[in-house]
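Enquirer: Handing you a structure now.
The values are calculated or read from the model by the stated rules, or taken from the named source; none is laboratory data. Please read all numbers here as calculations on a predicted model, not as lab measurements. Cβ sites come from the backbone with ideal geometry, for glycine too, and all protein chains shown count toward neighbours. Areas reflect the complete protein model, heavy atoms only, side chains present, ligands, DNA and RNA absent. Shrake-Rupley method; radii C 1.70, N 1.55, O 1.52, S 1.80 Å.
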Amino acid sequence: MIFHSTYSKPVLLIGNGVRSANAVNMVYEFAEKSNIPILTTLNGVDLAQDEFHIGFIGTHGNRVANMILNECDLVISVGARLGIRQVGRDPKGFAPKADLVRADIDEYELSRDIKKGERKYHADARDFMRMLLSEEVGDYSIWKNQCLAAKEYLRKYDVQPGNLAISKISSLLPVNPIVAVDVGMNQCWAAQSLQLKGREGRIHIGGGFGAMGCGLPYAIGSSIATNNGKVFCICGDGGFQMNIQELETVKRENLPIKIFVMNNRVLGKISETQHFSHGDRFAATAASGGYTVPDFCKISEAYGIKAASLSTYEELDEYVNWIEDLEPCLFDISLPEASFLTPKIKFETGLISPRLEDSVFNEAKAILAK
């Protein structure tokens, strides 16, 4: 038995291994049966969609997801390797009040001990989900509602312009969209704030590979694989330039790819480190250090793809017909150069920055601790 009557605040933590095992529908079935809150890893961020979406854990994870992890009493991890970006430098700080159950197909990942007394299942995610579905499990609606209430309470915190831009894009997407995301700040903003409608959409994300430039190729492959289907591509200005020539493929094959360039005119994740840790010595990451961006609209139009330069993400409302039609297009969305990623768990200390006011933190914690 995995569940015991003593557990009152369990969470199901799922990673991309769930999709690899074709067990996504089983996760939804179990969630509907038990009302257990679902958290995801970065690579599995599209595995809990629509009303099941709470957030993902880890270094740049949603604050509420990491707070839930700190308050729960059972973590059932399925298809998630629980790497250092999820567990942290000191594993003792991972889900400190919880028992841990891990199911993984990779015996070498299971050879690492994360918590004392953890239970390990060397099993395919689909087989493990069958085990969960066969158990008599209580209804955790009260706990799930606490998690959703804390999420709502914290909604206005950790919101950067990039998050607002992603939320606007989300609001304009159809049900069950296919979204391809590049690497960089845009990836983290998308993982934090992109909420899909429906249960069958996809977010193709580079995860921990750091493969800048992957967004447009992901989108091209996704469109061709779905018989020239519509795909939404989210890029940063740096990553987009690394494979910008593939606009020719988009035009030649007439692929209905909608490209959103999150343009803050810097190589965001590295320039952020140079700002906070190296006294604004921007080496090859900002204009002062030798990095610049072209006029993306002129380049797009040179390839025969319609494009619009937007001073703010709110202007996307004026282009709903472009988003809905079956032609490729590009939106160059201007963001402030001083755009940052929040929250962030510091590797050295395990503390989340920026720090919330004590009253806000205590209230969110109280909601989860009821």
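Okay, residues lined up against (1) modelled with pLDDT under 95; (2) open to solvent by 50 Å² or more (accessible area, probe 1.4 Å); (3) not β-branched (Val, Ile, Thr):
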| site | (1), (2), (3) |
| --- | --- |
| VAL231 | no, no, no |
| ILE234 | no, no, no |
| THR249 | no, no, no |
| ARG252 | no, yes, yes |
| ILE257 | no, no, no |
| SER271 | yes, no, yes |
| ASP280 | yes, yes, yes |
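Enquirer: Determine whether GLU32 is within 17 Å of the chain's Cα centre (by Cα) and free of Cβ contacts under 8 Å to residues at least 12 places away in the same chain.
Expert: no
Enquirer: Residues that are in contact with a Leu (Cβ under 8 Å, 6 or more places away or on another chain), assigned to a helix (DSSP H, G or I) and closer than 20 Å to PRO336 by Cα: does segment 237-244 have at least one?
Expert: Yes, there is a match, as at least one residue in segment 237-244 is in contact with a Leu (Cβ under 8 Å, 6 or more places away or on another chain), assigned to a helix (DSSP H, G or I) and closer than 20 Å to PRO336 by Cα.
Enquirer: Could you tell me which of the residues GLU301, GLU357, GLU327 is out of contact with any Gly (no Cβ under 9 Å at 6 or more places or on another chain) and within 30 Å of LYS151 (Cβ to Cβ)?
Expert: Every option except GLU357 fails the conditions.
Enquirer: Inside segment 196-227, can you point out the residues that are within 24 Å of GLY238 (Cα to Cα) and in a loop (DSSP other than H, G, I, E, B)?
Expert: ILE205, GLY206, GLY210, ALA211, MET212, GLY213, CYS214
Enquirer: What number of residues within segment 290-319 satisfy the criterion of being assigned to a loop (DSSP other than H, G, I, E, B) and either free of Cβ contacts under 8 Å to residues at least 40 places away in the same chain or open to solvent by 70 Å² or more (accessible area, probe 1.4 Å) (or both)?
Expert: 5
This table checks each residue for (1) surrounded by fewer than 21 Cβ atoms within 10 Å (Cβ to Cβ); (2) charged (D, E, K, R); (3) in contact with a Leu (Cβ under 6 Å, 6 or more places away or on another chain); (4) under 25 Å from ARG202 (Cβ atoms).
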site: LEU13; (1), (2), (3), (4): no, no, yes, yes
site: ASN16; (1), (2), (3), (4): no, no, no, yes
site: THR40; (1), (2), (3), (4): no, no, yes, yes
site: LEU74; (1), (2), (3), (4): no, no, no, no
site: VAL87; (1), (2), (3), (4): yes, no, no, no
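Enquirer: Restricting attention to segment 82-100, and to residues there that are in a loop (DSSP other than H, G, I, E, B) and modelled with pLDDT under 90, which single residue is farthest from the chain's Cα centre (by Cα)?
Expert: For segment 82-100, the residue satisfying everything is ASP90.
Enquirer: Just the residues that are at pLDDT 95 or above and more than 19 Å from GLY79 (Cα to Cα), please, taken from segment 35-62.
Expert: Scanning segment 35-62 gives ASN35, ASN62.
Here is a yes/no grid of residues against (1) in contact (Cβ under 8 Å) with a residue 12 or more places away in the chain; (2) closer than 21 Å to PRO91 by Cα; (3) small (Gly, Ala, Ser):
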{"position": "ASP104", "(1), (2), (3)": "yes, yes, no"}
{"position": "LYS115", "(1), (2), (3)": "yes, yes, no"}
{"position": "LYS120", "(1), (2), (3)": "yes, yes, no"}
{"position": "ASP124", "(1), (2), (3)": "yes, no, no"}
{"position": "SER134", "(1), (2), (3)": "no, no, yes"}
{"position": "VAL137", "(1), (2), (3)": "yes, no, no"}
{"position": "TRP143", "(1), (2), (3)": "yes, no, no"}
{"position": "CYS147", "(1), (2), (3)": "yes, no, no"}
{"position": "ALA150", "(1), (2), (3)": "yes, no, yes"}
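So that you can scan it fast, the table gives a plain yes or no per residue for (1) in contact with an Asp or Glu (Cβ under 7 Å, 6 or more places away or on another chain); (2) of a type outside the set (Gly, Ala, Ser); (3) loosely packed, with under 14 Cβ neighbours inside 10 Å; (4) closer than 30 Å to ALA338 by Cβ:
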site: LYS92; (1), (2), (3), (4): no, yes, yes, no
site: SER111; (1), (2), (3), (4): no, no, yes, no
site: LYS144; (1), (2), (3), (4): no, yes, no, no
site: ALA150; (1), (2), (3), (4): no, no, no, yes
site: LEU154; (1), (2), (3), (4): no, yes, no, yes
site: ALA165; (1), (2), (3), (4): no, no, no, yes
site: SER171; (1), (2), (3), (4): no, no, yes, yes
site: ASN176; (1), (2), (3), (4): yes, yes, no, no
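Enquirer: Looking at VAL261, VAL266, VAL183, can you tell me which residue is assigned to a strand (DSSP E or B) and buried (at least 21 other Cβ atoms within 10 Å of the Cβ)?
Expert: Going through VAL261, VAL266, VAL183 in turn, the sole match is VAL261.
Enquirer: Okay, moving on. If I filter segment 355-370 down to residues being open to solvent by 50 Å² or more (accessible area, probe 1.4 Å) and without any contact (Cβ under 8 Å) to a residue 40 or more places away in the chain, which single residue comes out as nearest to LYS298 (Cα to Cα)?
Expert: Taking the candidates together, the pick is ARG355.
Enquirer: Condition (residue is closer than 20 Å to TYR319 by Cβ and among the aliphatic types (A, V, I, L, M)) applied to segment 265-280: is it met by at least one residue?
Expert: There is no residue in segment 265-280 that is closer than 20 Å to TYR319 by Cβ and among the aliphatic types (A, V, I, L, M).
Enquirer: Let me ask something else. Residues of segment 105-143 being in contact with a strand residue (DSSP E or B) (Cβ under 9 Å, 6 or more places away or on another chain), assigned to a helix (DSSP H, G or I) and within 20 Å of THR6 (Cβ to Cβ), which ones?
Expert: MET131, LEU132, TRP143, listed by residue number.
Enquirer: Check ILE323 against each of (1) outside any loop (DSSP other than H, G, I, E, B); (2) open to solvent by 40 Å² or more (accessible area, probe 1.4 Å) and name the one condition it does not meet.
Expert: Going through (1) outside any loop (DSSP other than H, G, I, E, B); (2) open to solvent by 40 Å² or more (accessible area, probe 1.4 Å) one by one, ILE323 breaks only (2).
Enquirer: Does SER193 fit the bill of being of a type in the set (Gly, Ala, Ser), more than 19 Å from the chain's Cα centre (by Cα) and surrounded by 19 or more Cβ atoms within 10 Å (Cβ to Cβ)?
Expert: no
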